[in-house]
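Bear in mind that the values in this text are calculations on the coordinates, not laboratory data. On a predicted model such as this, the values are computed, not experimentally measured, just so you know. Note: ideal-geometry Cβ built from the backbone for every residue, glycine included; neighbour counts use all protein chains shown.
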Number of protein chains: 2
Amino acid sequence: MSQITRSLSNLIKQLTKLPGIGPKSAERLAYHLLRVNKTEALALASSIADVRENVAYCPDCFNLSEGGLCAICSNPNRDRSVLCVVEQPRDLVALEDSGVYRGLYHILLGRIAPLENIGAEQLTIERLVERVEEGDFKEMILATNPTVEGDGTALYISNLLAEHSLAITRLARGVTTGSILEYTNKEVLADALTDRRPF
Amino acid sequence: MSQITRSLSNLIKQLTKLPGIGPKSAERLAYHLLRVNKTEALALASSIADVRENVAYCPDCFNLSEGGLCAICSNPNRDRSVLCVVEQPRDLVALEDSGVYRGLYHILLGRIAPLENIGAEQLTIERLVERVEEGDFKEMILATNPTVEGDGTALYISNLLAEHSLAITRLARGVTTGSILEYTNKEVLADALTDRRPF
């Protein structure tokens, strides 16, 4: 690597820090950025700066927003009696894409992960409790990831808010549409049997 | 995707233009750039701008350089009687890493690819001919990729410079060190037999 210029090796170093980008991919990306026309390369650079300059968290739900309340919190047509708790902004995007949910959200910005030293106090749980106390929610849907850590976080929150008069629900678990029972995990089948419902 | 902010969706759009980065990876990278500390994100942005600002092609060999001749052309210790012709700057880096070659290079910045409408005139072949005429080279090694297009480009160049009094060679082709004959392509074995040399 001694034959490449200083700014090129710096760019490769910066690209290698991105998730899923190894040294070889970083090299390929860097050479690509050198080859495309300058406007395109600079457009990427400025969009990175732009996103860091303009995007902030919504003070209510911690969704991404460009100044003030996010598009969902400020939308008068959303159902303000249901609150859906997710780990990350991209979980919100995924749920919105399903087109089924019309309530509000709360983004935890992570999950409780003792192995990574992430405790409840590093998440936005304090603000969640405030919102539940201030608001008039009838139901809270815990939509953390169906993983050990996500489930643990959901359990923690449901314990914390157990005394409030709102229904606490979670996402249904079962077989996925389009899957084949023969090849489905036994854990998934166990969930599907446990959560079975009238036809 | 309607739930994400304008600058975030712009960043995702820019990232999707990179080679090997699909919409999902672009989303993941964009959220990563939002999550890391601001200095790190801006360091990436400025290193992209920096590389486009400072890196140019060496006027002699078309290697990447920061102003004037590249590190190899300006190195007085390189052997100025041998010229190695490669397709891309990263081929030069790969050959340099092998540590065997001490001569100069010429980078074509591509290969002749009729299917992509890339002809000889879009490459740096004109300057290559000039260099061979001006310089005092005894040997030219054609080190284009061992592909149909790379071989075609090498053939074109060797025809073009056939009348000059310099030896034109190409990289050896054969079995790769560490490989197993049983699993080696018949084309590779044919090359290895044809290019066999005294033990």
### Message
Any residue at all in segment B:154-175 that's among the charged types (D, E, K, R) and part of a loop (DSSP other than H, G, I, E, B)?
### Response
yes
### Task
Pull up segment B:92-125, narrow it to residues that are free of Cβ contacts under 8 Å to residues at least 60 places away in the same chain, outside any helix (DSSP H, G or I) and hydroxyl-bearing (Ser, Thr, Tyr), then point me to the one that is nearest to the other protein chains (Cβ to nearest Cβ).
B:Tyr105
### Task
Pull up segment B:26-83, narrow it to residues that are among the aromatic types (Phe, Trp, Tyr) and within 24 Å of the chain's Cα centre (by Cα), then point me to the one that is nearest to the other protein chains (Cβ to nearest Cβ).
B:Tyr57
#### Entry: Evaluation of B:Tyr183 against (1) surrounded by 14 or more Cβ atoms within 10 Å (Cβ to Cβ); (2) more than 23 Å from the chain's Cα centre (by Cα) (one fails), failing number
(1)
### Summary
For segment A:126-145 the number of residues that are within 20 Å of the chain's Cα centre (by Cα), under 14 Å from A:Arg80 (Cα atoms) and part of a strand (DSSP E or B) is 2
